[in-house]
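Below you'll find the structure, written out as structure tokens, and then a few comments.
The values are calculated or read from the model by the stated rules, or taken from the named source; none is laboratory data. Keep in mind that this is a model prediction, so the values were computed, not measured. Every residue, glycine among them, receives a Cβ derived from its backbone with ideal geometry; neighbour counts consider all protein chains shown.
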Amino acid sequence: MTAYQLDGLAALGDPTRRSIFEQLAEGPSSVGALAAGLPVSRPAVSQHLKVLKEADLVTDRPEGNRRIYQLNPDGLGALRAYLDRFWNQALPAFKGAVEQKAKEKQ
């Protein structure tokens with residue numbers, strides 16, 4: 001696991017950051033628009049976005065006098081690859097356990 005993957009998992013462990021992440025999954029947004037749907041202030045949203053950005057899960061770009069945030073496909077790809085490896089290891093183990101349980105019932 002790389003530092004970015006660990007940071008990504010840790011960043012998404014916070015409910016407010018997960019809400020921001022989920023909003024950004026619907027499309028790019030400004031801090032103000034994100035804050036409008038949350039029970040936290042704009043400065044708090046900015047701090048959460050900073051954590052998500054440091055975890056490589058979001059990127060930003062200037063647009064006039066504000067910044068627009070969006071999900072970072074590269075960071076998400078790395079996190080997904082990590083989770084896929086976990087899932088690909090867990091699924092055969094789960095299948096084996098189910099098959100073993102079925103044999104025991106016979």
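In table form, for the structure just shown:
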quantity	calculated
Condition check for LEU34: surrounded by 14 or more Cβ atoms within 10 Å (Cβ to Cβ), part of a loop (DSSP other than H, G, I, E, B) and at negative phi	no
Filter result (outside any strand (DSSP E or B) and closer than 14 Å to ASP7 by Cα) within the range 49-71	LEU49, LYS50, VAL51, LEU52, LYS53, GLU54, ALA55, ASP56, LEU57
Residue among LEU91, LEU49 that is of a type outside the set (S, T, N, Q) and surrounded by 11 or more Cβ atoms within 10 Å (Cβ to Cβ)	LEU49
Residues (among the basic types (Lys, Arg), in contact with an Asp or Glu (Cβ under 8 Å, 6 or more places away or on another chain) and farther than 11 Å from SER30 by Cβ) located in the range 43-84	LYS53
Members of the range 78-87 found to be among the hydrophobic types (A, V, I, L, M, F, W, C) and more than 12 Å from the chain's Cα centre (by Cα), listed by number	ALA81, PHE86, TRP87
Subset of the range 18-31 that is free of Cβ contacts under 8 Å to residues at least 12 places away in the same chain and in a helix (DSSP H, G or I) - its residue that is surrounded by the most Cβ atoms within 10 Å (Cβ to Cβ)	ARG18
Criterion (on the phi < 0 side of the Ramachandran plot, among the charged types (D, E, K, R) and at pLDDT 85 or above) met by exactly one of ARG85, ARG66	ARG66
Positions within the range 64-77 being under 11 Å from the mean Cα position of the chain (by Cα) and surrounded by 14 or more Cβ atoms within 10 Å (Cβ to Cβ), in sequence order	LEU71, ASN72, GLY75, LEU76
Failed criterion for PRO15 (all others in (1) crowded, with 17+ Cβ neighbours inside 10 Å; (2) out of contact with any Phe, Trp or Tyr (no Cβ under 8 Å at 6 or more places or on another chain); (3) not charged (D, E, K, R) hold)	(1)
